[in-house]
1. What's the angle, to the nearest 10 degrees (0 to 90), between helix 165-175's Cα axis and the longest principal axis of the chain?
2. May I ask you to compute the full-extension gain from residue 155 to residue 68, defined as 0.36 nm times their residue separation minus their alpha-carbon distance, rounded to one decimal in nm?
3. Evaluate the range 131-300: find the radius of gyration of its Cα atoms, find its Kirkwood radius, and give the ratio Rg to Rh.
4. Just to confirm the number: angle between the C-alpha axis of helix 114-125 and the first principal axis of the chain, 0 to 90 degrees, nearest 10?
5. What angle, in degrees between 0 and 90 and rounded to the nearest 10, separates the Cα long axis of helix 47-69 from the longest principal axis of the Cα atoms of the chain?
6. Given an 8 Å cut-off on Cα distances and at least 6 residues of separation, report the relative contact order of the range 131-300 as a percent.
7. Binning every alpha carbon pair distance of the chain at 20 Å from zero, what are the percents per bin?
8. How big is the range 237-340 along each principal axis, measuring the range of its Cα positions in Å and listing the largest first?
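Each reported figure results from applying straightforward, stated rules to the coordinates on display, with no laboratory input. Only a predicted model underlies this, so the values are computations on that prediction, with no experimental measurement involved. Neighbour counts are summed over all protein chains in view; Cβ atoms, including those assigned to glycine, are modelled from backbone coordinates with ideal geometry.
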């Protein structure tokens with residue numbers, strides 16, 4: 001069987017990335033140009049700035065990915081690019097570039113769902129992984145529990161009803177005067193604090209629900225900080241960070257493990273930017289070991305936005321007979337399983 005070489009392109013937020021992946025799992029190159037240092041001074045991603053930086057970087061990043069992979073452009077079999085969800089201006093840069101390349105090179109094009117890309121990161125990290133399994137996707141914009149029935153076939157078991165976990169991290173990090181992005185900053189500071197020092201609320205919603213809600217927790221932390229400030233009481237930031245994080249990871253882990261039992265599978269995967277969180281990994285490792293569930297997660301470079309995961313997802317779509325029209329537009333609010 002002929003090897004299939006996929007060029008992946010990712011530009012949904014503040015990383016410009018291009019990758020070359022063989023047969024969906026072997027990464028030949030994965031170039032990521034982050035804009036974090038640019039957006040730090042604003043305390044978050046500025047969409048217009050992100051779009052301009054993608055335009056400036058995209059050609060060089062693709063060129064570097066091709067060169068590092070040791071291939072020529074004619075060796076590429078399929079081109080895959082994120083078309084949603086994400087920031088519309090940022091998405092359009094990578095999507096337009098990918099479609100232009102596919103047209104000029106006469107290659108098939110696959111538009112990839114960014115969240116499905118995160119799920120596919122585990123295929124790269126764990127070569128033996130095959131569906132079915134459950135994935136907990138946690139990032140700055142998304143908190144999902146997904147039943148992966150087969151390649152490209154998904155059932156949403158639960159999603160956030162308000163703030164995503166990563167979004168809550170960013171807001172609490174800002175309130176504590178920490179840096180951006182908030183996830184790594186809170187994770188680092190929490191190691192110095194007591195996770196049970198402050199009893200912040202855990203929202204489990206209805207008894208049988210797999211949905212998430214972090215707005216109440218966020219408000220409770222902000223109210224606590226305001227109360228301490230009004231009373232001129234010094235805040236132990238490490239204890240706040242640790243207690244907030246404990247409240248988040250307990251809910252995520254409890255629902256994820258329950259979802260595995262609900263579906264009857266034996267494997268739980270973690271994906272998305274918050275998948276790099278050490279407290280979440282540690283708690284899920286303990287819970288899954290106790291219940292004899294296989295627990296997998298990607299290395300840190302594959303947790304954050306990257307084009308290798310997009311190439312992997314695009315590859316499986318392609319071999320399953322799915323390609324996209326060159327009329328495909330960016331869809332900022334794209335849902336898992338949608339096909340355009």
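1. 60
2. Length difference between fully extended and current span is 27.7 nm.
3. Values: Rg = 16.0 Å, Rh = 16.2 Å.
Here Rg/Rh amounts to 0.99.
4. Rounded to the nearest ten degrees, it is 80.
5. Taking Cα atoms only, the helix is inclined about 50 degrees.
6. Values: 335 pairs, mean separation 45.0, N = 170.
Once divided by the residue count of the range 131-300, the mean separation gives 26 percent.
7. Histogramming the chain at 20 Å steps yields 32, 56, 12, 0 percent.
8. Computed over the range 237-340, the largest-to-smallest principal extents equal 51, 37, 23 Å.
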